[in-house]
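First up is the structure itself, then whatever we jot down about it.
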């Protein structure tokens, strides 16, 4: 349970960063931290006490009842790769804005208007 | 299990450093430390596929972020914080805490997953798909359409990046659209 609370603290830090910071790169950093916190929650929830990795081997037979939950792991693999793609897109947009306005500050970008 | 709490603590410290430090390059590198912590936790909690993927993705995303911040290491904004964003953050975090308390009452305790669906996959996965790694059999067989959708999102995002970072459009060829962003 303590692990879940710490995971949620990480999520809160990421959301705080997205809402409070004025710098575009800092906002991207907050988004990435939020994403990591959610992936971490999936990894935590799939854990079984004294569980083994969900891989069968011919020379060392393992009972399926002693394995960790493979489903959240498979889902989070998809989420990690999509997270990379969206991060690349956001960074490309931020670099484009920097080229046009010469700043990462969202307040100045908003005031310039075009 | 002590190792998990140590790594989680390091992740939180790394996140605080990433959020509050002035230099953007240091902030990006601290985010890299958070991602490495996630990879370590996946390794400790017997999720080796997640650990490998997270490691690779983490390195690539730190490279992308460093490319965005290098040589334009601007100081933080000098304009003062507005009250509105602070209020919004407070309201949002309060809602998060309330939802979190409600969720923590329902959630199964740490170390005892429910596994209603995954039990079937673990029992029959090897016979039905022929893959000894159950995560791979879920990813590529039971939930193959998810992976197809993931590939579609990836393709669309790459198209978007190429469109956004293209140096010049067709019309602005004469008017010197080739502004160098080095």
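In table form, for the structure just shown:
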{"read-out": "Where a residue in region B:113-131 is free of Cβ contacts under 8 Å to residues at least 40 places away in the same chain and its partner, wherever it lies, is assigned to a loop (DSSP other than H, G, I, E, B) and loosely packed, with under 12 Cβ neighbours inside 10 Å, with Cβ under 7 Å and at least six apart", "value": "B:114/B:108"}
{"read-out": "Which listed residue, of A:88, A:107, A:74, is within 24 Å of the chain's Cα centre (by Cα), farther than 30 Å from residue B:118 by Cβ and either at the interface with chain B (Cβ under 7 Å from one of its Cβ atoms) or outside any helix (DSSP H, G or I) (or both)", "value": "A:88"}
{"read-out": "Residue match in region A:31-51 (condition: in contact with a strand residue (DSSP E or B) (Cβ under 7 Å, 6 or more places away or on another chain), facing chain B (nearest Cβ under 7 Å) and assigned to a strand (DSSP E or B))", "value": "yes"}
{"read-out": "Residues being assigned to a helix (DSSP H, G or I) and farther than 17 Å from residue A:74 by Cα - total across region B:92-127", "value": "16"}
{"read-out": "Failed criterion for residue A:12 (all others in (1) modelled with pLDDT under 85; (2) touching a helix residue (DSSP H, G or I) at 6+ places or on another chain (Cβ under 9 Å); (3) facing another protein chain (nearest Cβ under 7 Å) hold)", "value": "(1)"}
{"read-out": "Per-region count, region B:45-74, residues at the interface with another protein chain (Cβ under 9 Å from one of its Cβ atoms) and more than 14 Å from the chain's Cα centre (by Cα)", "value": "10"}
{"read-out": "Residue check for residue B:159: closer than 23 Å to residue A:89 by Cβ and either at pLDDT below 90 or assigned to a helix (DSSP H, G or I) (or both)", "value": "yes"}
{"read-out": "Conditions (1) modelled with pLDDT of 90 or more; (2) farther than 26 Å from residue B:143 by Cα; number of the one not met by residue A:34", "value": "(2)"}
{"read-out": "The lone exception for residue B:55 - which of (1) outside any helix (DSSP H, G or I); (2) modelled with pLDDT of 90 or more it fails", "value": "(1)"}
{"read-out": "Failed item in (1) out of contact with any helix residue (DSSP H, G or I) (no Cβ under 6 Å at 6 or more places or on another chain); (2) outside any loop (DSSP other than H, G, I, E, B), with residue A:61 passing the rest", "value": "(2)"}
{"read-out": "Positions within region A:59-107 being surrounded by fewer than 20 Cβ atoms within 10 Å (Cβ to Cβ), within 22 Å of residue B:43 (Cβ to Cβ) and in contact with a strand residue (DSSP E or B) (Cβ under 8 Å, 6 or more places away or on another chain), in sequence order", "value": "A:62, A:66"}
{"read-out": "Any pair with Cβ under 8 angstrom, 6 or more apart, that starts in region B:11-22 at a residue that is within 14 Å of residue A:32 (Cβ to Cβ) and ends at one that is not in a helix (DSSP H, G or I)", "value": "B:19/A:21"}
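The values are calculated or read from the model by the stated rules, or taken from the named source; none is laboratory data. Just so you know, these numbers come straight off a predicted model, no measurement behind them. Methodologically, a virtual Cβ is constructed for each residue, glycine included, from the backbone with ideal geometry; neighbour enumeration extends over all protein chains shown.
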